[in-house]
Amino acid sequence: MLSRMLAPLFRYFETRVDPYPEGKVTTPPKGLAAFIWHFSRPVWPLLLLMSLLTALVSAAEVVFFSYMGELVDWLGKVERENFWAEHGLWLSGVGVLVLIGLPLLVLAQSLVTHQSIFGNYPMIGRWLSHRHMLSQSLAFYQDEFAGRVSQKVMQTALAIRETVTKVMDLLVYAIVYFTGAAILLGRADPWLLLPLGLWLAGYLAIMWFFVPRLRDVSMAQADARAQMTGRVVDSYSNIQTIKLFADTQREQGYAKDAMEGFMGTVHRQMRLVTIMSVCLTLLNTALLVGTAGMAISAWYLDAISLGVLAIAIALVMRIRFMSDWILWEVAGLFENIGTVQDGMNTIAQEPTVRDTPNARALSVPHGAIAFEGLRFGYEQAKGEDRTVFDGLSLTIAPGEKIGLIGRSGAGKSTLANLLLRFYDLQGGRIVIDGQDIAGVTQTSLRHQIGMVTQDTSLLHRSLRDNIRYGSPHANDDDVWEAVCRAHADTFINDLVDPKGRRGLDAHVGERGVKLSGGQRQRIAIARVLLKNAPILVLDEATSALDSEVEAAIQEQLDTLMEGKTVIAIAHRLSTIAMLDRLIVVDEGRIVESGTHAQLLEKNGIYARLWRRQSGGFIGLDVDAVSPND
């Protein structure tokens, strides 16, 4: 009932911040303060308001203690029959302020803190980080666990919120409260400040000693936690391989090694916590005994009133309970700072492939492709490069269909990846219809290229969403037409997921694990058929299909290739023998080029491969074939 009554008020404060800010995707800065500010800009006015309200709440508590001290003095001096006549109006006013004013102040502070900031603030961090991660280069994800990256995004966003709110809420509350307490005690008797001052010195010494150590172990713990999560997610992501090789024991050991590393940081942290708790208890006990002893002595000597004695003991008891909370919060602050710094090392990385400042959209009226003097190598450990191409040049006419042939590691798939600009060249350029792809936007480039790979990965969404991924505005009739052309209609209607969704509405599981390799391949072909891009790249597109289905789909691929520029990569030579031109690549060089008939007539590498292949595949003895054979 109360929740429904307050719903409009809640909704108002919940909508004061947009948790999904738009604008250009930028790389967060690497400095800690700048990194935090990058995600805090949308909420900083509310953070200031939260701090102001927190200061008022803290001050109100101190003033309340002061009133309680005066009340004790009145009770000790005033005769009972005259008490209400002399102080009734004042007490009623204080009661109204305590019963109405303070709750309203706390309500305002809570609405700003919990409705406007707590939910929206970390979501801003997640949203901006996720957008940046999606713009990261392919090479970044080849060196990282997906689970580790996702955990960094989630952890860091929360740690930023906790860091900022602790500084602007906790510290403001503590400073205002301790300052107010010191003023009250100092006005009554300056000697009462002595135990409080000594306690504060000891408290700061405890913080100086323990907090940096807790911060360091927390940073190590955050990294160990991410490593542990990454290994566990890696196992789940590759569960089929693990089951295939029946090697769960090795996986358990792989995960346990990371878990033991994490537990090592937990043990270090807990040892510090135990020692710190004992030190703090001793310090707080000394404060209570010292303040109570001095206050009682001063009251005995008639230097302070009974009300001041009550205030002194009450404030010390409150400080005693607060000190433990504040120390833990400060330790948590540094723990969160450690988590932010750890996450910053992952999130605040510049993408290695970026659009140029004046990048324009790619236009492909014809589909001519030119690889001009390509120089490229994959970066290895210690900054060394493994050279793949050193001066390779290849021109593909508009609408020409070429086949790339060569052993594994010859550079075939790398050439396709460079065309899609998953990596930047170290020399040379790639031109499409006279436009250097380094000067166009990556989005427009990839919109113009359809690709089917050997290792087809589907999103854990419905089949409809997967097929329509490259053409989000396609209607269901277009989707079904692509399904039929890819011969996927033979199994789609029979699919049912655990939630009872059928056909195109059925979800396919992570990476499409609920489908067979051939089924995934047909879905991928349907997706490219629907996309209908002017440039088509087929990287072992039919390798997972049986011969009967492959023959049926080949007819549709022939139709799909009409009017398009096509680059087809295959080990099964029979699937590309009918293309306009075949290119034999070896060690990053073009060693033969021509039609199927021309290459057979040359009696070179291609002819030998053709004769040696078994079942239409390049034989394992391809290394034995050399240009001089």
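No lab work stands behind these numbers, since they all come straight from the coordinates. Only a predicted model underlies this, so the values are computations on that prediction, with no experimental measurement involved. Cβ placement follows ideal geometry from the backbone for every residue including glycine, while neighbour counts extend to all protein chains displayed.
I need the trypsin sites (Lys or Arg not before Pro) found in region 483-524, filtered to DSSP loop residues with at most 10 other beta carbons within 10 Å of theirs.
Lys499
So how do Val63, Val584, Val591 line up by other beta-carbon neighbours within 10 Å, fewest first?
Val63, Val591, Val584
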Exercise. List, in order, the whole-Hz ³J(HN,Hα) value for each residue of region 108-117 obtained from phi through the Karplus relation with A = 6.51, B = -1.76, C = 1.60 and θ = phi - 60°; use x for Gly and Pro.
Key: 4, 5, 6, 4, 5, 6, 8, 7, 8, 9
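What net charge is computed for the residues neighbouring Ala526, neighbours being all others with C-beta under 12 Å from the C-beta of Ala526, Lys and Arg scored +1, Asp and Glu -1? Don't jump to the answer; show the numbers that get you there.
Numbers: positive: Arg464, Arg468, Arg485, Arg520, Arg522, Arg527, Lys531; negative: Asp478, Glu481, Asp489.
That sum, taken over residues with Cβ under 12 Å, equals +4.
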Self-check item: Tensor-based shape of region 452-532 (alpha-carbon gyration tensor, a/c under 1.5 rounded, otherwise prolate or oblate)
Solution: rounded
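Neighbour counts of other C-beta atoms within 10 Å: give me Asp478, Asp558 arranged from fewest to most.
Asp558, Asp478
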Quiz prompt | Low-density loop positions, chymotrypsin sites (Phe, Trp or Tyr not before Pro), region 9-66 - DSSP coil, at most 10 other Cβ in 10 Å | solution = none
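Given C-alpha coordinates of region 337-467, what is the ratio Rg to Rh with the Kirkwood estimate of Rh?
With Rg and the Kirkwood Rh in hand, the quotient comes to 1.02.
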Practice problem: Please turn the phi angles of region 224-230 into ³J(HN,Hα) values with the Karplus equation 6.51 cos²θ - 1.76 cosθ + 1.60 (θ = phi - 60°), one per residue in order, whole Hz, x for glycine and proline. | Solution: 5, 5, 5, 5, 4, 4, x
Quiz item: So what's the net charge close to Gly439: Lys and Arg +1, Asp and Glu -1, counting the other residues with Cβ under 13 Å from its Cβ?
Solution: 0
Exercise. Fewest Cβ neighbours within 10 Å first, please rank Leu560, Leu495 accordingly.
Key: Leu495, Leu560
